[in-house]
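**Student:** Once you've had a glance at the structure underneath, I'll fire off some questions.
What follows is calculated from the coordinates using simple rules that are stated; it is not laboratory data. Please read all numbers here as calculations on a predicted model, not as lab measurements. Cβ atoms come from the backbone with ideal geometry, glycine included; neighbour counts cover every protein chain shown.
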Amino acid sequence: MRGKIIKGIAGFYYVDVVESGVYECKAKGVFRKEKKKPLVGDNVEIEILDEKEREGNLIHILPRKNELIRPASANVDQALVVFAVTKPSPHLHLLDRFLIMMEQAGIPVVLCFNKEDLGTEEQIGALKEIYRDCGCRLLFSSAKEETNISGIRELLEGKTTVIAGPSGVGKSSLINLLHPQANMETGSVSRKIQRGRHTTRHAELFALGENSYIMDTPGFSSLYVSDLEKEELKYYFPEFAPYEGNCRFQGCDHIHEPDCAVKKAVEEGKIHRSRYDNYRAFYEELKEQRRY
């Protein structure tokens, strides 16, 4: 029988089988031997041990389309990255790190600024300006006023979407609007194994419909740009692309070189300075990493 891992806790994996429900499974020893860890989002084969108790064994992990280290998950179609327009003010340095991480994993991003109802026109306009050419779908919402929830729901249809963002931005409120049963499902898993309620929060998938899942992830506060050469970094900023090849030097890194088309575009307001400043900060960080 085939299904998808929706949660993993203390050696138990909860596998959602379409039209049959959720089975509690243990992974066979062969995975440990092969050093292969099942991940939330994995498509798997299971054998049923007890149909009444919904218990089984996880016997095979199907090939992964992709894999994320943070949150530890597999087969993600897109990321819905949630920050607040205000209260708290968006930490753009952290946001840009996340965009690079998703780009590295080849995962498209929908960038959602929540708490639109609390923001001024200037604040909303500034965010639109900064991220207009960042290569992401950009939308604004208010969980409190239930603004644009149907638009978000449409984007999630038929996909496995990881929802990520720092704490305090209204992520849980959005998830509860998209999927009111989320709290109920979490509770039932906790009752079944008497664990989970007091453990560190793990990545968890909620089924929105057939083949539509959202994955809640613990709030992130620090992400590291790694496994990347500093010379590659510029390709993770889509707004630089129109100017590549127009600099005086071939292979220009857009940092200290004279006659740089990207730096000129920043001066002329064609590339937002916030994005360029973060690019420079990440570049210096990668340069430092390579020294040690």
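**Student:** What pairs from Lys52/Lys171; Lys128/Lys270; Lys115/Lys270; Lys7/Lys230 go past 24 Å between their alpha carbons?
**Tutor:** Details: Lys52/Lys171 35 Å; Lys128/Lys270 13 Å; Lys115/Lys270 28 Å; Lys7/Lys230 36 Å.
Going by Cα-Cα distance, Lys52/Lys171; Lys115/Lys270; Lys7/Lys230 fall outside the 24 Å limit.
**Student:** Starting at the first residue of region 20-31, write each ³J(HN,Hα) from the Karplus equation 6.51 cos²θ - 1.76 cosθ + 1.60 with θ = phi - 60°, in whole Hz, x for Gly and Pro.
**Tutor:** Using θ = phi - 60°, the values come out as 10, x, 9, 10, 8, 10, 10, 7, 5, x, 4, 5 Hz.
**Student:** Still on this structure: In a shell of Cβ-Cβ distance under 15 Å around Ser141, excluding Ser141 itself, what net charge do Lys and Arg (+1) and Asp and Glu (-1) give?
**Tutor:** On the way: positive: Lys87, Lys115, Lys128, Arg137, Lys144, Arg153, Lys171; negative: Glu116, Asp117, Glu145, Glu146, Glu154.
So the environment of Ser141 carries a net charge of +2.
**Student:** A further question follows. Run the dipole for region 67-216 about the Cα centre, Lys and Arg Cβ at +1, Asp and Glu Cβ at -1, nothing else charged, and hand back the magnitude in debye, nearest 20. Display every interim value, and only then the final one.
**Tutor:** Working: 16 positive and 18 negative charges, 146 e Å.
Once rounded to the nearest 20, the dipole reads 700 debye.
**Student:** Could you go through region 44-53 in sequence order and give the Karplus-derived ³J(HN,Hα) for each residue, using 6.51 cos²θ - 1.76 cosθ + 1.60 with θ = phi - 60°, rounded to whole Hz, and x for Gly and Pro?
**Tutor:** Karplus-based 3J(HN,Hα) across region 44-53 equals 9, 10, 10, 10, 7, 9, 8, 5, 5, 7 Hz.
**Student:** Still on this structure, I have one more. Using a Förster radius of 45 Å, what is the FRET efficiency between Ile59 and Leu155 based on their Cβ-Cβ separation? Nearest 0.05, please. Don't skip to the answer; put the middle values down first.
**Tutor:** Working: r = 34 Å, r/R0 = 0.76.
The computed FRET efficiency comes out at 0.85.
**Student:** Could you pull out every residue, at least 5 positions away or on a different chain, whose amide H is within less than 5 Å of the one on Lys65? Hs are placed 1.01 Å off N in the peptide plane, and Pro or chain starts have none.
**Tutor:** Those lying under 5 Å, H to H, from Lys65 are Asn75.
**Student:** Another question, if that's okay. In percent, how large is the relative contact order of the chain, given Cα pairs closer than 8 Å and 6 or more residues apart? Numbers along the way, then the final one.
**Tutor:** Details: 478 pairs, mean separation 43.3, N = 292.
Rounded, it is 15 percent for the chain.
**Student:** Let me ask something else about it. For Glu204, enumerate residues with amide H under 5 Å from its amide H, sequence gap 5+ or separate chain, H modeled in the peptide plane.
**Tutor:** Those qualifying (amide H under 5 Å, at least 5 residues apart or on another chain) are Asp216.
**Student:** Express the relative contact order of region 230-291 as a whole percentage, based on alpha carbon pairs under 8 Å and six or more residues apart in sequence. Each step should come with its number before you reach the end.
**Tutor:** Details: 43 pairs, mean separation 19.3, N = 62.
The value is 31 percent.
**Student:** Residues with amide H under 5 Å of Ile271's amide H, sequence separation 5 or more or different chain, H placed in the peptide plane at 1.01 Å from N; which?
**Tutor:** Amide H neighbours of Ile271, under 5 Å, 5+ apart: Val266.
**Student:** Which values, in whole Å and largest first, are the semi-axes of the equivalent ellipsoid of region 230-291 obtained as the square root of 5 times each eigenvalue of the Cα gyration tensor?
**Tutor:** On the way: eigenvalues 67, 36, 20 Å².
Equivalent-ellipsoid dimensions as semi-axes: 18, 13, 10 Å.
**Student:** As a check on your grasp of the helix formula, calculate [θ] at 222 nm for the chain: sum -39500 (n - 2.57) over DSSP H runs of n ≥ 4, divide by the residue count, round to the nearest 500.
**Tutor:** Details: 8 runs with 83 residues, N = 292.
Calculated at 222 nm, the ellipticity per residue is -8500 deg cm²/dmol.
**Student:** Subtract the Cα-Cα distance of Glu129 and His91 from 0.36 nm times their separation in residues, and report this length gain in nm to one decimal.
**Tutor:** Separation in residues times 0.36 nm, less the Cα-Cα distance, equals 12.1 nm.
**Student:** For region 67-216, what is the relative contact order in percent, using Cα pairs closer than 8 Å and at least 6 residues apart in sequence? Please report the intermediate quantities before stating the final value.
**Tutor:** Details: 212 pairs, mean separation 39.6, N = 150.
Dividing the mean separation by the residue count of region 67-216 yields 26 percent.
**Student:** Suppose each label sits 7 Å from its Cα in the direction of the beta carbon; what would the Glu67-Asp117 distance come out to in nanometres?
**Tutor:** Taking the simple label geometry, Glu67 and Asp117 are separated by 4.3 nm.
**Student:** In addition: What share of the DSSP beta bridges in the chain is antiparallel, in percent to the nearest 5? Let's see the in-between values first.
**Tutor:** Details: 29 of 52 bridges.
Restricted to the chain, the bridges split so that about 55 percent are antiparallel.
**Student:** Hey, what do the phi angles of region 234-241 turn into as Karplus ³J(HN,Hα) couplings, whole Hz, using 6.51/-1.76/1.60 and θ = phi - 60°, x for Gly and Pro?
**Tutor:** Once θ is set to phi - 60°, the couplings for region 234-241 become 4, 6, 8, 10, x, 6, 6, 3 Hz.
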